[in-house]
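Engineer: My structure is below; once you've seen it, I'll send some questions.
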Amino acid sequence: GLIHCYIIKDLHFFNTLTVSLSVLLGNLKNHKDVEYFTASEVTISSSDTVRTNVDGEEGPALPIKLSVLPRHIRVVVPDSL
């Protein structure tokens with residue numbers, strides 16, 4: 001029920017490599033240039049014009065508000081396998 005948020009503080013060439021390695025190793029939230037937190041709602045904005053990408057499609061420009069929709073997806077499983 002929470003959004004896992006990762007803020008990468010520095011995307012210079014070398015840091016991009018080390019952050020990518022952290023992603024591959026599964027320890028991104030422990031990287032020194034990454035701030036990690038969870039939230040049920042997040043608003044993202046920028047003083048620059050920034051477009052978003054939603055599932056590979058062009059999304060709305062910032063600012064955007066993201067929130068968790070509790071019980072939004074119904075999962076059906078059989079009683080027994």
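Engineer: Take the residues of the stretch 48-81 that are within 24 Å of G1 (Cα to Cα) and charged (D, E, K, R): which is modelled with the lowest pLDDT?
Structural biologist: Only one residue fits best here, namely D55.
Engineer: Also, quick follow-up: Quick one: which of S40, S45 is of a type in the set (S, T, N, Q), under 17 Å from L2 (Cα atoms) and either in the same structural domain as L2 (by TED's automatic domain parsing) or within 16 Å of the chain's Cα centre (by Cα) (or both)?
Structural biologist: S40
Engineer: A follow-up question, please. Filter the stretch 1-27 for residues that are over 18 Å from K65 (Cβ atoms), at pLDDT below 90 and loosely packed, with under 11 Cβ neighbours inside 10 Å and give the result.
Structural biologist: Selection gives L11, H12, F13, F14.
Engineer: For the stretch 28-62, give me each residue that is in a loop (DSSP other than H, G, I, E, B) and surrounded by 11 or more Cβ atoms within 10 Å (Cβ to Cβ).
Structural biologist: Scanning the stretch 28-62 gives H31, D33, S40, V50, L62.
Engineer: So, one more: Considering L62, L66, L24, which residue is under 13 Å from the mean Cα position of the chain (by Cα) and among the hydrophobic types (A, V, I, L, M, F, W, C)?
Structural biologist: L66
The values are calculated or read from the model by the stated rules, or taken from the named source; none is laboratory data. As the structure is a computational prediction, the values presented were derived from the model and not from experiment. Here the Cβ is made from the backbone with ideal geometry for all residues, glycine too, and neighbour counts use every protein chain on show.
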